[in-house]
1. Please list, ordered by residue number, the strands (runs of 3 or more DSSP E) wholly in region A:1-79 having 1 or more residues that are within 13 Å of chain D (Cβ to nearest Cβ), of a type outside the set (Lys, Arg) and farther than 24 Å from A:Thr146 by Cβ.
2. Can we say A:Ile202 is of a type in the set (Val, Ile, Thr), more than 14 Å from chain B (Cβ to nearest Cβ), surrounded by fewer than 23 Cβ atoms within 10 Å (Cβ to Cβ) and closer than 18 Å to A:Lys2 by Cα?
3. Regarding D:Ala194, is this residue in contact with a strand residue (DSSP E or B) (Cβ under 6 Å, 6 or more places away or on another chain), surrounded by 23 or more Cβ atoms within 10 Å (Cβ to Cβ) and away from every other protein chain (no Cβ under 14 Å)?
4. One residue is enough: does region C:224-237 have a residue meeting the conditions in contact with a Cys (Cβ under 7 Å, 6 or more places away or on another chain), under 18 Å from C:Leu119 (Cα atoms) and modelled with pLDDT of 95 or more?
5. Here are some conditions: (1) closer than 28 Å to A:Glu45 by Cα; (2) within 14 Å of chain B (Cβ to nearest Cβ). A:Gly130 meets all but one. Which one does it not meet?
6. Of all residues being touching a helix residue (DSSP H, G or I) at 6+ places or on another chain (Cβ under 7 Å) and within 14 Å of another protein chain (Cβ to nearest Cβ) in region B:133-148, which is surrounded by the most Cβ atoms within 10 Å (Cβ to Cβ)? Just the residue, please.
7. So how many residues does region C:85-128 have that are of a type in the set (A, V, I, L, M) and part of a helix (DSSP H, G or I)?
8. Within region D:100-119, work out how many residues are away from chain B (no Cβ under 14 Å) and either touching a residue at least 40 places away in the same chain (Cβ under 8 Å) or farther than 29 Å from B:Val30 by Cβ (or both).
Number of protein chains: 4
Amino acid sequence: MKLIVEQDYAAMSRVAANVLLGKMYQQNRVNLAITAGNTPIKMYEYLVQEVKNKPYLDHVHYYNFDEIPYAGEEGFGVTMTHLNQLFFHPAAISEKQIHVLDEKNYTEQDARILADGGLDLILLGIGEDGHFCGNLPGTTEFTDMTTRVSADALPGMCEVLIQEVGGASSKCPDFYVTMGPKSVMAAKSIVLIANGRKKAAIIKKAFFGPVDSHVPASILQLHPQLTVILDAEAASELDIL
Amino acid sequence: MKLIVEQDYAAMSRVAANVLLGKMYQQNRVNLAITAGNTPIKMYEYLVQEVKNKPYLDHVHYYNFDEIPYAGEEGFGVTMTHLNQLFFHPAAISEKQIHVLDEKNYTEQDARILADGGLDLILLGIGEDGHFCGNLPGTTEFTDMTTRVSADALPGMCEVLIQEVGGASSKCPDFYVTMGPKSVMAAKSIVLIANGRKKAAIIKKAFFGPVDSHVPASILQLHPQLTVILDAEAASELDIL
Amino acid sequence: MKLIVEQDYAAMSRVAANVLLGKMYQQNRVNLAITAGNTPIKMYEYLVQEVKNKPYLDHVHYYNFDEIPYAGEEGFGVTMTHLNQLFFHPAAISEKQIHVLDEKNYTEQDARILADGGLDLILLGIGEDGHFCGNLPGTTEFTDMTTRVSADALPGMCEVLIQEVGGASSKCPDFYVTMGPKSVMAAKSIVLIANGRKKAAIIKKAFFGPVDSHVPASILQLHPQLTVILDAEAASELDIL
Amino acid sequence: MKLIVEQDYAAMSRVAANVLLGKMYQQNRVNLAITAGNTPIKMYEYLVQEVKNKPYLDHVHYYNFDEIPYAGEEGFGVTMTHLNQLFFHPAAISEKQIHVLDEKNYTEQDARILADGGLDLILLGIGEDGHFCGNLPGTTEFTDMTTRVSADALPGMCEVLIQEVGGASSKCPDFYVTMGPKSVMAAKSIVLIANGRKKAAIIKKAFFGPVDSHVPASILQLHPQLTVILDAEAASELDIL
């Protein structure tokens, strides 16, 4: 594990953008799975400046790693909608470069990525409960590949999903889909970003505590090419500093 | 995980030799950690033929990944003694290329490997109890780097160690040393070999069952570059075939 | 440049087979361009034993790098006919894994290889005149990608081509096709094999003399991942030994 | 060859900085050879911001690839003096990370780099005469490794060197040292940067013309991992755009 601690959110975001950009300037196809959420907002601002209207980055391909469909609606789910807002639209990424995972094609995700040459990098955030992608504690096993998680997998899951889809219970789906821990660990490199004091406890637990199925992200410690990029607040409980 | 099943022990051994040889013909330094034991005997016979007196392989460096010292004796412990017999002496590998882990230097093993550029490949066997290296169930945690394991870590451990050192209880050491699961997972690639019907059950459990600390090798499933090479007997309980 | 000298043709062929095999046991697609001719005959004998009926090598893809069509005939040209005899048929390689270059599709060869992820390795022989692939002295430039070479490109070329197509002048084509030096240099690694006393002079000239357009193979010295595998006779003029 | 054209000098410099940064965030040692001169000035300004006081980049090692000694003076020569001003001092790079090539140790440069694991990337500029590093037309051969070039190697060389050392003929050295074309081509990746209209002609000649010993940089076309980063002016003679 390579641990990078930066003083603040902007500096952390800049380093994360640098790491992603560093993978992009290749001659051959590059496959990146990227995260939505609040943590990467500033990182995408930096990325957009370097990626927009750059034909020499046409060989970079993007994947989402989870999706919550809007019940009863056609079109993109929650994750792709956010990624479009955060990055794909402002960076003018062409559709040919975007490989959408959704509730209909999730059983093909792992074979498709393998056929595409594997993921060069997967960018993850982490939840205060230790989840990454849609791997909430108790919903998936470490050995799961891309899978579906039922809306009744956990008590309270329904409320979480309703919030994700915007508050209307009518839009709450029966299940969401996610790359499982084994799918994620198959990537050539993993980058995890976190900022803010409220992430400090889980960072300590997930990356300096035992591997524990109740803390899904704890498994990521064992990947041979893991980089964890934090701001000082997210790193504030680490003795190592 | 790449699964390779060969019809018999000789064919399995030939493929394992091929995989190791394939890593060796490089221009830059290559670092290999290799296993002692019965499983690799024939593989080393093949390797010796291709490696002995080949000055163009002088850039290949070898590491042992565990060691049981003989109590009260100077010199090599059980693992290095076996590796010398199986491979280093018959292949006439020079001392400069052999990086000995022992009970005195084990705290430096991980930093030394990192400074040397990391392991390009670690070759493992598996025990019927699911152990790899010296990671017997109950002796190490998934997050352990190279560590020592006390002779009283488990009931019955003393008897195991006495057998390993040749039967004399006077030679039973207080502890042995081993690369832990996290050290092993840091290698760029992992190759695990197994043969024989008596390994069939643990192969199914470790590579097609859950990640479970009682089956240490089960963690290896999550390495992005794992190759498992079996003979037909060791693969005989797999539904996949 | 990594130089490997073995005592005889069989040992040289075994090492060449080892190097190719070493590239094959991967999880992701592997792309190999391979040579016909007399030099690799024994190497293919070794390879067939390790490759035939091995479903775990289905992700290995093969490319020919030049082709001489038989004039007035449909079907494979000289190179593919030889590769079928030497390797593809005895090793029972499936058509899906064989990517044929011919006189009709040569303008697409470089783009196709790039889209497939690039060549992981290209295996070359060398002619006594310093040619590799179809790059005879005076027919191509170092900067050529895959190209056609006219039957009247050189005095005497017609006779050479007639011999290649089996002696009948009616089968002599107007042109042949070949990957050019720049196409070959784009491979991630290059392996060149040569055996026999009659290759000794050109080996010295091409790999220990100046870069010279009259010795096309002399450019290969400058590839960052070049391995040259010789028997003792082919190496007999090298001072280095 | 990957060709990147940016609208202006600042954008070109940002991309060059991104490419270098992208190589830096690794777990293992990274070896970079970098250029002095005017072209990289702004790139170093960007780099300093991301590299200064970052302990997580301590594993990045830097090499200079040529040196002009000041005659009669101890201490650094022209190149290292410039690199110190442009980058090493403002970025507070520690001495342990800087591997100085000079007129005393140049015969060891290639072996040292090989022992260090090879160059991951070499960053080059280009002269209007097609030189890179100290490889002026007529001074070195394509097959040269690191070598010395005499002050009388070319007519007018003495005047060039006097200008380089600051104008005083008393400081003009008898020779300078440089990595030769073969040394440079041995790097895993090459990045060449150029800006301004006065570079437009040589860019066209070196990267879209024949390989020609009178245009030393023309050999770089044949490297499998070459990236050329230009501003619009330096690219203004290219038909490709």
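1. Filter on region A:1-79 gives A:2-6.
2. Numbers: of a type in the set (Val, Ile, Thr): yes; more than 14 Å from chain B (Cβ to nearest Cβ): yes; surrounded by fewer than 23 Cβ atoms within 10 Å (Cβ to Cβ): yes; closer than 18 Å to A:Lys2 by Cα: yes.
The answer is yes for A:Ile202.
3. Working: in contact with a strand residue (DSSP E or B) (Cβ under 6 Å, 6 or more places away or on another chain): yes; surrounded by 23 or more Cβ atoms within 10 Å (Cβ to Cβ): yes; away from every other protein chain (no Cβ under 14 Å): yes.
Judged against the criteria, D:Ala194 is a match.
4. First, the residues of region C:224-237 that are in contact with a Cys (Cβ under 7 Å, 6 or more places away or on another chain): none.
No; the residues of region C:224-237 include none that is in contact with a Cys (Cβ under 7 Å, 6 or more places away or on another chain), under 18 Å from C:Leu119 (Cα atoms) and modelled with pLDDT of 95 or more.
5. Among (1) closer than 28 Å to A:Glu45 by Cα; (2) within 14 Å of chain B (Cβ to nearest Cβ), the lone unmet condition for A:Gly130 is (2).
6. Here the answer is B:Asn135.
7. Filtering region C:85-128 for residues of a type in the set (A, V, I, L, M) gives C:86, C:91-93, C:98, C:100-101, C:111, C:113-115, C:119, C:121-124, C:126.
Subset that is part of a helix (DSSP H, G or I): C:86, C:111, C:113-115.
Total satisfying the criteria: 5.
8. Within region D:100-119, the first condition is being away from chain B (no Cβ under 14 Å), and the residues that meet it are D:100-109.
Then keep just the ones that are either touching a residue at least 40 places away in the same chain (Cβ under 8 Å) or farther than 29 Å from B:Val30 by Cβ (or both); that gives D:101-104, D:106, D:109.
Of the residues in that region, 6 qualify.
The values are calculated or read from the model by the stated rules, or taken from the named source; none is laboratory data. Small disclaimer: the values here were computed from a predicted structure and weren't measured. Please note: Cβ atoms are built from the backbone with ideal geometry, for glycine as well, and neighbour counts cover all protein chains shown.
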